[in-house]
Amino acid sequence: MTTLPTHARVIIVGGGIAGCSTAYHLTQLGFTDVLLLEQGKLTSGTTWHAAGLVGQMRPNRTMTRMSQYGISLYAGLEAETGLATGWKQCGSVNVARTPERMQVLHKQAALARSFGVEVQVITPNEAGRLFPVMRTDDLQGAIWIPGDGKANPADLTMSLAKGARNRGARLLEDIEVVGVHTERAGSGARVRGVRVRRGSGAAAQEQDIGCEILVNCAGQWARQFGRLAGVNVPLYSAEHFYVVTGRIEGVHPMLPVMRDPDGFIYYKEEVGGLVMGGFEPVAKPWRMDPIPSTFQFQLLDEDWDQFEPLMTNAIHRTPCLETAEIKMLLNGPESFTPDGNFILGEAPGLQHCYVCCGFNSAGIANSGGAGKLIAEWIVGGAAPMDLWDVDIRRFGPFMANRRLLAERTVETLGLHYAMRWPRQELATARPLRTSPLYDTLAARGAEFGSKNGWERANYFRPQDAATPPHGLGTPGWLPWVQAEMRATREAVALYDQTSFGKLLLQGRDALALLQRVCANEIDVALGRMVYTAVLNARGGFESDCTVMRLGADEFLLVTGSAQPLRDADWIRRQIRADEFVVLNDVSAQWCVLSLMGPNAKALLQRLSPDELAIPFSHTREIDLGLARVRAARMSYVGGPGYELYVPVEVARHVYHALCAAGVDLGLVDAGYYALDALRIEAGRRAWGAELGPDESPHEAGLWAGVQRDKPGFIGREALLARAAAPKAKKLLSFVLDDPAAWVWGGEAIVIEGETVGELSSTGWSLKAGRCIGLGYVRGAAANAVHAGTPVLIDLWGQLKRATAWDDAVGQLKSLP
């Protein structure tokens, strides 16, 4: 029996493709004291039964770059290790049955070209020549991606494992990790080791192994293992099906991967036959909790009733399946996350504990790149690029609820191939987090969306109006949102923004900490508000927030709805051992009612005896009706207005008092669609859209949140260096020429025949009477002056004329 070590610099838990890829890349970066522990055998969890499809197209530039790297890794791995991977660059064909799906494929193709992926839009006949066993008479078209391919999951994993071993890593099987040891570290805790068990029953032996870094690559066991360390890893397993056929005439080893998302199905060649699987619209969670550690190289029972919708669609698309030999219906569990993106990063609250899991049945395609990213994160001490879409900190503690995860998994698996309409909201496990006004707003016609679990009114429909259907053109809710926007600009509108993140920082060293964390000057008078960038060491936006100084050593930080966990984790990591500060998330203790428009002050004055001539970016407590609230002169939508910070227990009273007093002043309820459109018109940037870890104030044109001559703030030197160099990209505003063209965001931007970027945010402009947007351009366009530059926007495959502006806000203000 192999003697176990007593210490390793890095311990990886899980010997599937994610764990082996992480070990491979850590050793490649020079971390050779790596110990991988697998409770069974390598690949014995879910990797061994994966379909092995490997595609490049992802929703954004960062994830696409990750997938492209994975393909290049897989293509060269056999030459490095001598072990076959089964990699074949056979290409892939994605087909469209409906005109709407074809429009989406056109958009995906335009984005793929922008991201550097070779892609062609092809006809149904061309698709049929590439995949000759397919019926094409009912297709609208397809896209062909020649660089995609397939691999053998088990062989690929073993090749990665050999590469890691060749550079010094130790990979041990039949070792179950049953405990995690931690210790206090500054304002939180950090990993110091694990407890492992070898053997079972009376023969079982347990031992502690110390480590500096722990990586959770436990696949569908990652949630259970995370709980051992107090880390929330929200994923849940579902039954996932595919059939394997005997040999079929016309099927050959280089047959492309084919996806028919309107039929919820995919195909690949295997031994002269087909593997056909898919993502049924209503999934079947695997309600096994906990999943036993002994579930190795095992499958679940066949369920032809569950698989029937996929089989019916497959027989329609490939009639050869009606007579083909079906060797087996494989039912293997796969883990899925609440939003369909995988989970990566350092766990909040536990230093040196990293997570790499939750691949939503795409682990083979994603693990090559994900292993590289998490290894770079570990070695570098920070995310190597903007990984917010997959960052573990996007999930709050409420996402640990197992019933919630099971219900959401039914939906998220089904949405893999379902038609995803613009601004379509997830529907399961809602409503959950609500403002005290939720029921009141619902009764007034609010249509809600969800952000970080919070229910937020998107818009208000008239009482006799039905909810408009989803579509790709001009939305049915536009007239109602325009009315809300007009009230904001011409009268007064009331927005419930309770979902704002609110962090209360107190203590002797609170100011010193914020002066390092924030790029703007925070040492201001009591009652002042400061909008500030929060930068990383690369000079990019780790966040942006508004800081209210409530006392000498007391500050309220107001951040985006999705960001409080991320921001709190970032701030706590900057606290020095000798500093005394306390940081609390008080988001749920305060409602925020934003009263916006030229009549806002008059309305407040009717309900408050206090002087309301509050200077912009100042705050003070006032009487309002029977309540005591904090009024802040701040406006995300541009123009006059107040944000009212209201204790939750009096929010209902304040809301009804405002509504009663504002009738003759034109007060209306308004939602986030109007707010978003107005902030774009006002040139306001949004974190997660225009701002992120890869974007600096220099590229974003947002120096208002930076005090350049303030010494000592994080990222200052990197920011000044970036400001002195040519821009790699620049944020511009865009105004469409055609008032009938409706853009949703993500459309490719073309200048002089070259795709230079994509729209990050879009909305309707009352001033322009058409759609406007924000977006980054790259290359030569990033260092040019734009004052009406002619551009083309690729809208569902049609090029629409627009103009690009460095200062569209000034241009729009000049309009009558």
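The values are calculated or read from the model by the stated rules, or taken from the named source; none is laboratory data. Keep in mind that what you see is a predicted model, and the values were worked out from it rather than measured. As a convention, Cβ positions derive from the backbone with ideal geometry for all residues, glycine included, and neighbour counts pool all protein chains shown. With ligands, DNA and RNA removed, areas are computed over all heavy atoms of the protein, side chains included. Shrake-Rupley method; radii C 1.70, N 1.55, O 1.52, S 1.80 Å.
Of note:
- Criterion: on the phi < 0 side of the Ramachandran plot, part of a helix (DSSP H, G or I) and in contact with a Ser or Thr (Cβ under 9 Å, 6 or more places away or on another chain) - qualifying residue of Leu494, Leu514, Leu426: Leu514
- Scanning region 603-622 for residues that are in contact with a strand residue (DSSP E or B) (Cβ under 8 Å, 6 or more places away or on another chain) and open to solvent by 40 Å² or more (accessible area, probe 1.4 Å) yields Pro609, Asp610, His618, Arg620, Glu621.
- Filtered residues of region 61-107 (kept if touching a strand residue (DSSP E or B) at 6+ places or on another chain (Cβ under 9 Å), in a loop (DSSP other than H, G, I, E, B) and open to solvent by 20 Å² or more (accessible area, probe 1.4 Å)): Gly86, Trp87, Gln89, Arg97
- Per the listing Val706, Val663, Val648, Val629, the residue uniquely touching a residue at least 40 places away in the same chain (Cβ under 8 Å) and either surrounded by 22 or more Cβ atoms within 10 Å (Cβ to Cβ) or closer than 25 Å to Pro462 by Cβ (or both) is Val706.
- Restricting Glu690, Glu695, Glu681, Glu699 to those that are under 27 Å from Ala724 (Cβ atoms), more than 19 Å from the chain's Cα centre (by Cα) and among the charged types (D, E, K, R) reduces the list to Glu699.
- Residue pairs whose Cβ atoms lie under 6 Å apart, sitting 6 or more positions apart in sequence or on different chains, and linking a residue in region 453-467 that is touching a residue at least 24 places away in the same chain (Cβ under 8 Å) and at negative phi to a partner that is among the β-branched types (Val, Ile, Thr) and open to solvent by less than 40 Å² (accessible area, probe 1.4 Å), are Tyr459/Val481.
- A single member of Leu214, Leu228 is in contact with a strand residue (DSSP E or B) (Cβ under 6 Å, 6 or more places away or on another chain), of a type in the set (A, V, I, L, M) and either open to solvent by 50 Å² or more (accessible area, probe 1.4 Å) or without any contact (Cβ under 8 Å) to a residue 60 or more places away in the chain (or both), and it is Leu228.
- Cβ-Cβ under 8 Å pairs, at least 6 apart or on other chains, region 510-521 side under 14 Å from Gly715 (Cα atoms), far side basic (Lys, Arg) and surrounded by fewer than 22 Cβ atoms within 10 Å (Cβ to Cβ): Gln515/Lys710; Ala519/Lys710; Ala519/Arg716; Asn520/Lys710
- Applying the set (1) touching a residue at least 60 places away in the same chain (Cβ under 8 Å); (2) outside any loop (DSSP other than H, G, I, E, B) to Gly683 leaves exactly one unmet item: (2).
- Selection from region 278-309 of residues that are in contact with a helix residue (DSSP H, G or I) (Cβ under 8 Å, 6 or more places away or on another chain) and either closer than 19 Å to Ile248 by Cα or open to solvent by 40 Å² or more (accessible area, probe 1.4 Å) (or both): Pro281, Val282, Lys284, Arg287, Asp289, Pro290, Phe297, Leu299, Trp304
- The residues of region 779-791 that are in contact (Cβ under 8 Å) with a residue 12 or more places away in the chain and surrounded by fewer than 18 Cβ atoms within 10 Å (Cβ to Cβ), listed by number, are Gly779, Asn783, Val785, Ala787, Gly788, Pro790.
- For the residues Glu407, Glu425, the requirement of being crowded, with 16+ Cβ neighbours inside 10 Å, in contact with a strand residue (DSSP E or B) (Cβ under 9 Å, 6 or more places away or on another chain) and more than 28 Å from Leu373 (Cα to Cα) singles out Glu407.
- For region 77-110, filtering for residues that are in contact with a Ser or Thr (Cβ under 8 Å, 6 or more places away or on another chain) and farther than 30 Å from Asn152 by Cβ leaves 1.
- Considering Arg165, Arg170, Arg190, the condition of being of a type outside the set (Gly, Ala, Ser) and free of Cβ contacts under 8 Å to residues at least 60 places away in the same chain is satisfied by Arg165 alone.
- Screening Gly369 on (1) surrounded by 22 or more Cβ atoms within 10 Å (Cβ to Cβ); (2) out of contact with any Gly (no Cβ under 6 Å at 6 or more places or on another chain) shows it passes everything except condition (2).
- Pro469 meets all of the listed conditions (1) open to solvent by 40 Å² or more (accessible area, probe 1.4 Å); (2) touching a Gly at 6+ places or on another chain (Cβ under 6 Å) but one, namely (2).
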